Each structure stands twice: as C-alpha cells, then as structure tokens.
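One structure below.
The values are calculated or read from the model by the stated rules, or taken from the named source; none is laboratory data. The structure presented is a predicted model; accordingly, all values stated were derived computationally and were not measured. Every residue, glycine as well, gets a Cβ built from its backbone with ideal geometry; the counts of neighbours run over all protein chains shown. Ligands, DNA and RNA are stripped out before the accessible areas are found, and what is left, the full protein with its side chains, is counted by its heavy atoms. Shrake-Rupley method; radii C 1.70, N 1.55, O 1.52, S 1.80 Å.
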Amino acid sequence: MREDGITVNRTRRMALVILLFISGAICIGWADTWEEIRGATGTIRTIKADFVQEKHLSILSRPFISKGVFYYQAPDSLRWEYTSPVRSILLMHKGGIRRYTETTKGLVEASRMDHKGMQIILQEIALWLGGRFSDDSAFDAALKDGRRIVLTPKEKGLSKMIEHIDLMLSDTPGIIKSVEIYEGPDSYTRLEFLNAKINKELEEALFREVS
Amino acid sequence: MRKFYLLLVILSQMISCAGSPELVPIQRPLGLDADRGCTTPFPEREWQFVHSIQAAMPGGQKAVIIGVTVLSPKTGMIECVMMTIEGIVLFDARYDGQMVIHRALPPFDSMDFARGLMDDVRLMFFPPGGPLIASGISEDGASICRYRTDRGMMVDIVIHGDHVWEIRQYDQDSRLVRSLKTGSDRRGTAGSQNPIPVRLELTAFGSSEYALTLNLIEARELGK
C-alpha cells in the first residue's frame, strides 16, 4: 500500500516535470531573436488589455497609480484610455493623434498634443505591439536575457526626456507584460498589462471616437 | 502725434486695469485680534498633495496635468512636480531658501516660470508673510483679514459662511493680481485639524492671464 503511494507520488512528480517542460517549450523560443518576435507579433491583429500605471518619484511617499484600458489594431491604430484618477483618451489612427481629457465641462479635445513626449511614446507603443523594433527611428533596441528589451534614445534631445525604456515580454507569444520608462534615477513609470485579449474583433470607431 | 501716443498709453492702461478689480472695501471693521479664523485655510504641518490641474492659458490653450506638491509651513520648503497624465515629468523643482530645478522641459524651462509657480503655491498653502493691517466684514457678510506682505503687496483672506474661502492678492496699486477660490466640498483626513478643500481655482490677472483649477486626488500628512 505504501509502495503504491510512493509510486503515485513519483508519477505525479514526473507528470509535473513533463508539464513544466512542455509549457517551457511553448513559451521559450518566441523571444530569442528579433525574427521570432516579429513572427509572433505578426499573427496579432488586435489586442485589448487593461493597464495599471505606477509613477515612481522621490517626492512621492508611495507610487501614484493610474488605471485604464488600451485597444490596438495592427498596424498602427491605438486607443489609450485612462479611467482613473483622471479620465483621458488618446486616439491614434491613420497617422493622426488626438487627446481628450475630462474637465469640468466634460471630455474636451486638447487643442494640440500636450507634449511631444507622449506623441513619441504612443508611436513607440504601436511599433512595439507590432514587433517592429528595427523600424524604430527614435530608439536603439537591445534584446536581453529573460524576454527583456532595452530601448535607448538615439538622439540627445530625446535622452534628456527619457533615459531608457525596459520592455518585459509576456509568456504568451506576441504580448508585452510590462513597460518601464526611466526618466532619471529617481523617476520612472511602470506600466503593467493585464487581461490581454488577442485577435477579438474591435470596432474601427474605437480609434476614431471617444464614446 | 504725441497726443495720439499719450491717448494710446492711457487707453492701454485703462484696458489692463479693467480686468483687475480694486481692493474690496471692508464695511464693518473689527479689531486686529479677530484674525484667528483667517489662518484656518492653511495647513500647519508637512503635507503632500496630488492634484489634477486644469490650466487655461492665454490664447485659449488648455491642458490637464498632474501636480504633486510637498510643503512644510514651518520651514517654507516647497517641492513641486508637474507631469502629464501619462507620467512624463515636465517640471521638478524644490524651493528651500533657494531654488533648485531638477528638471524642466520647454516651455517650463525658465527661472521666471519656477519663481511664479512657487509664488502661486505659497499663496495657496501658506499664510501671508506680513502683518495684519485690517479685519472686518465685507458687504456680502464674509469675514476679511487684510495683510501687507514684505513685498509691499496686500493679501485678503476672505472666509464665507458656506465653508468657501478666498485669497485675493493685490499689487502696490491695489489692483487684483491673483484670486484663489475654494469649492465648498472638503475631504477630511485622519489626524488633520482642517478638512482639505477638494477644489481650488486660481486666477492670475494682468499682462499674462491664466486660470488653474486644481482637483484634489490625494492628500497625505507627512512625518506622522
């Protein structure tokens, strides 16, 4: 009886090890080279995901948290929507970028992009989601161990604004797990993506209109 | 021709004064010991505030940014960070007897901007630095305390009955240069004597007029 119990335990352990190997084999291998990343992201038509943004600053006793949702449609349509604490929607579609922010008069379109920096980040996000790191004119990309990509600005002007960006790729092929944007040693923004849904149909209006 | 220029100068002076109401008269004067209530709007200890700031600038430009302020009323220290909703820091500076700018992206990269911002924060959160010169009741029944600052300006602290208070700052010619109004909503914070106003509306008058609406996102008393 005891021997049977040991055999069952061994069998379970073996099954667990095999399962781990299989899952490892599925996950490892999609982010070892730029070609693999491009191949994995090439199958992605749409993404919808929630995000949590943590702003870390030396002045803040704890990170400032914002939450939202984003929608992506290949090749370069993006809706980046903050739901709290301030509702704000950035739309990027067919080369145009618009921003709407909640004010005392409701959602109001900004007269122009509040800052060039966000325009760059939005265009970058669309490039990353499409796996087109080599097309990036603003950043040099380096592929590191552990599904990590480090982006450093090519131009001095941009490096005054952003020191570097760390991208962590998800276990799921083609998906980014988190982004960390470093402005300096004491200031960085961490974006974590959750509940990603891939290749679900998205209305084109999502990228054109705020409601 | 000279007369024409003179007329132009007078006209421009009249126009620039038109948007700046003059000192509000005190109807029923009170003694100079009646100012205790006028210090209640100001925090006594070290605080950290996070606001969303709706800015209306000259030329109709509008923007919403996030402002983080840390202040120490005892030492006069102010730290300010302004960033976009996406977290990009536009301005980061500290004033503690002297100004230290850690980061300033255009168009916020001038010392004048830094000084002006610190002055506005000081007006909003610190009691006026100077003696009380008058106090009393205004025409609409609000309590007024009038201070003369060390820069020769005058500051009125106006307390209305509905928990709304105002700060009015006048220049040496008694023209209104800044006006701060609170909403009536307050947020109570554990351990603090005075609930924090949820909304602050600052209007700057003069050659470069602007308006800021600050909505409180977070208030934290530090060093507790």
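Answer yes if at least one residue in region A:83-90 is within 12 Å of chain B (Cβ to nearest Cβ) and open to solvent by 70 Å² or more (accessible area, probe 1.4 Å), and no otherwise. Yes, the conditions are met somewhere in region A:83-90. Inside region A:124-146, residues that are at pLDDT below 90 and under 17 Å from A:I175 (Cα atoms) make up a count of 12. Of note, A:F51 satisfies the criterion of being aromatic (F, W, Y), on the phi < 0 side of the Ramachandran plot and out of contact with any helix residue (DSSP H, G or I) (no Cβ under 9 Å at 6 or more places or on another chain).
Residues checked against (1) more than 20 Å from B:E221 (Cβ to Cβ); (2) in a strand (DSSP E or B); (3) touching a strand residue (DSSP E or B) at 6+ places or on another chain (Cβ under 6 Å); (4) open to solvent by 40 Å² or more (accessible area, probe 1.4 Å):
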{"residue": "B:A63", "(1), (2), (3), (4)": "yes, yes, yes, no"}
{"residue": "B:V68", "(1), (2), (3), (4)": "no, yes, yes, no"}
{"residue": "B:K74", "(1), (2), (3), (4)": "no, no, no, yes"}
{"residue": "B:I78", "(1), (2), (3), (4)": "no, yes, yes, no"}
{"residue": "B:I85", "(1), (2), (3), (4)": "yes, no, yes, no"}
{"residue": "B:D92", "(1), (2), (3), (4)": "yes, yes, yes, no"}
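With respect to the conditions (1) outside any loop (DSSP other than H, G, I, E, B); (2) away from every other protein chain (no Cβ under 14 Å), A:L158 lacks only one, and its number is (2). A:S170 meets the stated requirement of being farther than 22 Å from B:M82 by Cα and open to solvent by 10 Å² or more (accessible area, probe 1.4 Å). The criterion of being on the phi < 0 side of the Ramachandran plot and touching a Phe, Trp or Tyr at 6+ places or on another chain (Cβ under 8 Å) does not hold for B:A142. Can you find even one residue in region A:142-155 that is crowded, with 17+ Cβ neighbours inside 10 Å, in contact with a strand residue (DSSP E or B) (Cβ under 6 Å, 6 or more places away or on another chain), β-branched (V, I, T) and not in a strand (DSSP E or B)? Within region A:142-155, not a single residue is crowded, with 17+ Cβ neighbours inside 10 Å, in contact with a strand residue (DSSP E or B) (Cβ under 6 Å, 6 or more places away or on another chain), β-branched (V, I, T) and not in a strand (DSSP E or B).
Of all residues in region B:141-158, none are open to solvent by 30 Å² or more (accessible area, probe 1.4 Å) and under 29 Å from A:T103 (Cβ atoms).
Taken as a whole, region A:55-74 holds no residue that is more than 14 Å from chain B (Cβ to nearest Cβ) and open to solvent by 60 Å² or more (accessible area, probe 1.4 Å). For the criterion of being touching a residue at least 24 places away in the same chain (Cβ under 8 Å), open to solvent by less than 40 Å² (accessible area, probe 1.4 Å) and not hydrophobic (A, V, I, L, M, F, W, C), A:S178 fails. Annotation note: Cβ proximity below 6 Å between a residue of region B:191-203 that is of a type outside the set (V, I, T) and a residue that is modelled with pLDDT of 75 or more and crowded, with 17+ Cβ neighbours inside 10 Å (sequence gap 6+ or interchain) occurs for B:P197/B:T182; B:R199/B:N215; B:L200/B:T182; B:L200/B:L214; B:E201/B:K181; B:E201/B:T213; B:L202/B:L180; B:L202/B:L212.
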